[in-house]
Amino acid sequence: MLRYLTAGESHGQALVVIVEGLPAGLEVTAQDINAELARRRLGFGRGPRQKFEQDEIVLVGGIRHGRTLGSPVAIEIKNSEWFRSDVWHEEMSPEPGKTKKPLTQPRPGHADLTGMQKYGFDDARDVLERASARETAARVAAGALAKLLLKQINVSVFSHVLQLGTARSENLVRPQIYDLDQIDESPVRCFNSQAEAKMIAEVESAAKDGDSLGGIVEVLAYGVPVGLGSYVHWDRKLDGLLAQAIMSIQAVKGVEIGDGFEVSARRGSNAHDAIVWNEAENKYSRETSLAGGTEGGMSTGEMLVVRAAMKPLATLNRPTLKTVDTVTKQETVSFKERTDVTAVPAMGVVAETMVALVLAQEAQRNYGGDSIDDFVNNFNSFAKRIS
Ligand code: EPS
């Protein structure tokens, strides 16, 4: 099984990710990982940190001469701020000691209060440093490896922003992988220029008010083979695995596979993707993609569509959310912390990552192999049987 584990705090020394179960012989360079990390830093509405955070990586283990060894791949991502500032050396020091500035006004909507109660902390920083979406940088590094594995069987995964605040892209034409550069060049990672302008205006207006914005991203995967996931048991269903993976992203509160929510209001006669025989490609296809490329918890071989809805960030540049000071129990407003107006464009890159990791895990489960050649050969033999 392909599995991974992240560690590290937002303003600690570094983030770390270990990815285990990749076949040997997969070509990987630091540039492949850096390129994905750079995409995650994109997006209009992010705070000052993204401008200086370099996400400098060290390939600690599992890769030799540009290829995986089959052993665990360990990647360290240094937090430049920890190296730049003595404040964080002290605040986040692993040495015994105590902070002089405990945060005691937990932000509603963040992990602060419940985390303090659960783990017995009296300083919200003990919680927020790990709960922070900074951790997703480590996931994106793992996702870069998953994408490289998927590329071997011609699967591509990418995302675009559908909605930011109330501004929504009503594009009926879905982007293809060759549109990705255009999407990444959009300051809000939107494929529709009219919607893009509205999104930018919403971010500017929220920034002026010291407020934050949520939104919806759509992840598309092309080339997904038939039969990833399974109907045979609840915890093997692909849509279930995708929903869990997407929901695990900080601030995501909703997941939709295909047109799941809209379809629920239709009649059954008009709610399913008709099956047709595609003579030219010698395969079955679906006429529409209402089910988002999954049926019975398995990929159908059609385009996979997964949407993620993110709530507006709980940290505000002008704190107005009512809370209670955990020391005095007096009503107050949540503490002020440097933040982003919106992280929806970056969340799209994280959502791609999570989808890629789930697809890579399931592909690895189906096709297996300790070397990349075995993996690809096993896939080819499956593809041959299917056709
Ligand atoms: C975050 C607050 C901001 C974001 C951060 C997540 O960080 P800081 O407080 O250091 O300015 O920039 O996201 C990242 C650092 C990142 O890499 O995504 C938060 O409160 O969760």
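The values are calculated or read from the model by the stated rules, or taken from the named source; none is laboratory data. From a predicted model like this one, the values you see are computed outputs, not experimental measurements. We place every Cβ from the backbone using ideal geometry, glycine too, and count neighbours over all the protein chains shown. Just so you know, the surface numbers come from the protein's heavy atoms only, side chains and all, with ligands and any DNA or RNA stripped out. Shrake-Rupley method; radii C 1.70, N 1.55, O 1.52, S 1.80 Å.
Take the residues in region 226-241 that are on the phi < 0 side of the Ramachandran plot, outside any helix (DSSP H, G or I) and touching a strand residue (DSSP E or B) at 6+ places or on another chain (Cβ under 7 Å); name whichever of them is surrounded by the fewest Cβ atoms within 10 Å (Cβ to Cβ). Can you show your working first?
Taking region 226-241 first, the residues on the phi < 0 side of the Ramachandran plot are 226, 228, 230-241.
From the residues that got through so far, the ones that are outside any helix (DSSP H, G or I) too are 226, 228, 230-233, 237.
Next, from what is left, pick out any that are touching a strand residue (DSSP E or B) at 6+ places or on another chain (Cβ under 7 Å): 226, 228, 230-231, 237.
Details: Val226: 14, Leu228: 28, Ser230: 16, Tyr231: 12, Lys237: 18.
The qualifying residue surrounded by the fewest Cβ atoms within 10 Å (Cβ to Cβ) is Tyr231.
Against the numbered list (1) in contact (Cβ under 8 Å) with a residue 24 or more places away in the chain; (2) within 30 Å of Met1 (Cα to Cα); (3) not β-branched (Val, Ile, Thr), Gln244 comes up short only at (1).
Could you tell me whether region 42-54 includes any residue that is of a type in the set (D, E, K, R), surrounded by fewer than 16 Cβ atoms within 10 Å (Cβ to Cβ) and closer than 30 Å to Ser212 by Cβ?
First, the residues of region 42-54 that are of a type in the set (D, E, K, R): 46, 49, 51, 53.
Within this subset, residues satisfying the condition of being surrounded by fewer than 16 Cβ atoms within 10 Å (Cβ to Cβ) are 51.
If we keep only those that are closer than 30 Å to Ser212 by Cβ too, we end up with 51.
Yes, region 42-54 contains at least one residue that is of a type in the set (D, E, K, R), surrounded by fewer than 16 Cβ atoms within 10 Å (Cβ to Cβ) and closer than 30 Å to Ser212 by Cβ.
Being modelled with pLDDT of 95 or more, assigned to a loop (DSSP other than H, G, I, E, B) and not acidic (Asp, Glu) is a property that does not hold for Gly254.
Residues satisfying the criterion are absent from region 141-156 (criterion: open to solvent by 30 Å² or more (accessible area, probe 1.4 Å), within 16 Å of the ligand (Cβ to nearest atom) and closer than 30 Å to Val19 by Cβ).
I'm trying to understand the selection: among the residues of region 117-140, which are of a type outside the set (Gly, Ala, Ser) and either buried (at least 21 other Cβ atoms within 10 Å of the Cβ) or within 16 Å of the ligand (Cβ to nearest atom) (or both)? Residues satisfying the conditions are Asp123, Arg125, Asp126, Val127, Leu128, Glu129, Arg130, Arg134, Glu135, Thr136, Arg139, Val140. With respect to Arg385, determine if the residue is open to solvent by 40 Å² or more (accessible area, probe 1.4 Å), within 16 Å of the ligand (Cβ to nearest atom), out of contact with any helix residue (DSSP H, G or I) (no Cβ under 8 Å at 6 or more places or on another chain) and of a type in the set (Lys, Arg). Answer is no for this residue.
Name the single residue that is farthest from the ligand (Cβ to nearest atom) among those in region 41-62 being of a type in the set (A, V, I, L, M, F, W, C) and in a loop (DSSP other than H, G, I, E, B). Lay out the reasoning, then the answer.
Going residue by residue through region 41-62, those that are of a type in the set (A, V, I, L, M, F, W, C) are 42, 44, 52, 57-60.
When the remaining residues are screened for being in a loop (DSSP other than H, G, I, E, B), the result is 42, 44.
Numbers: Leu42: 11, Phe44: 14 Å.
That would be Phe44.
Taking the criterion of being open to solvent by 30 Å² or more (accessible area, probe 1.4 Å) and not charged (D, E, K, R), the residues of region 291-312 that qualify are Ala291, Gly296, Met298, Met303, Ala309, Pro312. Restricting attention to region 313-369 and to residues that are open to solvent by 10 Å² or more (accessible area, probe 1.4 Å) and of a type in the set (Asp, Glu), the residue that is modelled with the lowest pLDDT turns out to be Glu337. For region 1-34, the tally of residues that are more than 16 Å from the ligand (Cβ to nearest atom) and either buried (at least 20 other Cβ atoms within 10 Å of the Cβ) or not in a strand (DSSP E or B) (or both) stands at 14.
Among the residues of region 157-174, those that are surrounded by fewer than 21 Cβ atoms within 10 Å (Cβ to Cβ) and either in contact with a helix residue (DSSP H, G or I) (Cβ under 6 Å, 6 or more places away or on another chain) or basic (Lys, Arg) (or both) comprise Arg168, Arg174.
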